[in-house]
Amino acid sequence: MTIITIDFEASCLPCHGRSFPIEVGIASVGDLSCSWLIRPHEAWTGWDWTSEAQSLHGIARDQLYHDGLPADRVMAELAAAVGDARVFADSYLDAQWLRTLAGAAGTAPPVDIRHIEEVIDRLGADDADIARAQALVNAQSFARHRAGGDAQWLATFIAKLAAIVADREGAGERPLFDWVASRAVHPAIGVAA
């Protein structure tokens, strides 16, 4: 089964007020990387927007109205892209923003977002493994604080961490989880599911 990473950018952090998702990105190592700008839904009128958040992600509200897609279209395309993959994030907030997006689209979230801690625990990675993987990934160029770039960063981190642990254990590559591998190609994105 495919592992996909997900990341959201938002109007603000919840500590600054009621936040809504403005961009979502997904990635898997070498196979998939895509993102969607999200047009603010009418139900989010009056929700908070901070200049601090905008300075991090660089997405202006006007850009969302001009280039963003409606919530229902983003949800449909996201659901098709993730299929039955296991989806991981490095923030618990991503699940909240997925629920907010799904609510605006009038649907249930297509997946449960799992936290990266599950992968780290499954691999048996220690602090030194994590630091080494982070250093290797940080040496690469990713568009940080943009949903697609952050999802790519996390997918690459998982791959590097798995390789580091396998090398340390001398066990060679092993599956992260005991899922049955399928060689079928996902019709929506053209990658093995």
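Just a few scattered comments:
- What you get for the chain, charging only the Cβ of Lys and Arg (+1) and of Asp and Glu (-1), is a dipole of about 260 debye around the Cα centre.
- Spacing of the two label points (7 Å from each Cα toward its C-beta) at Gln140 and Asp127, in nm: 2.6
- Relative exposure of Ile6, Ile113, Ile130, judged by other C-beta atoms within 10 Å (fewest first): Ile130, Ile113, Ile6
- Kyte-Doolittle at least -1.0, axis length at least 24 Å by Cα - qualifying DSSP helices, the chain: 147-169
- Counted over the stretch 4-120, the DSSP beta bridges are approximately 65% antiparallel.
- Residue-averaged [θ]222 nm for the chain, counting only DSSP H segments that reach four residues, each worth -39500 (n - 2.57): -13000 deg cm²/dmol
- Cα-centred dipole magnitude for the stretch 1-112, charges only on beta-carbon of K, R (+1) and D, E (-1), debye, nearest 20: 200
- Linear extension gain, Asp31 paired with His16, 0.36 nm per residue minus alpha-carbon span: 1.8 nm
- Projecting label points 7 angstrom from Cα along Cα→Cβ for Ser55 and Arg114 puts them 3.8 nm apart.
- Applying 1/(1 + (r/R0)^6) with R0 = 30 Å to the Cβ-Cβ distance of Tyr92 and Ala166 gives a FRET efficiency near 0.60.
- Share of pairwise Cα separations in the chain, more than 27 Å, in percent: 30
- Cα gyration tensor, the stretch 80-162 - rounded (a/c under 1.5), prolate or oblate: prolate
Each value in this text was obtained by applying a stated rule to the coordinates, not by laboratory testing. Quick caveat: nothing in here was measured; it's all calculated off a predicted structure. Every residue, glycine among them, receives a Cβ derived from its backbone with ideal geometry; neighbour counts consider all protein chains shown.
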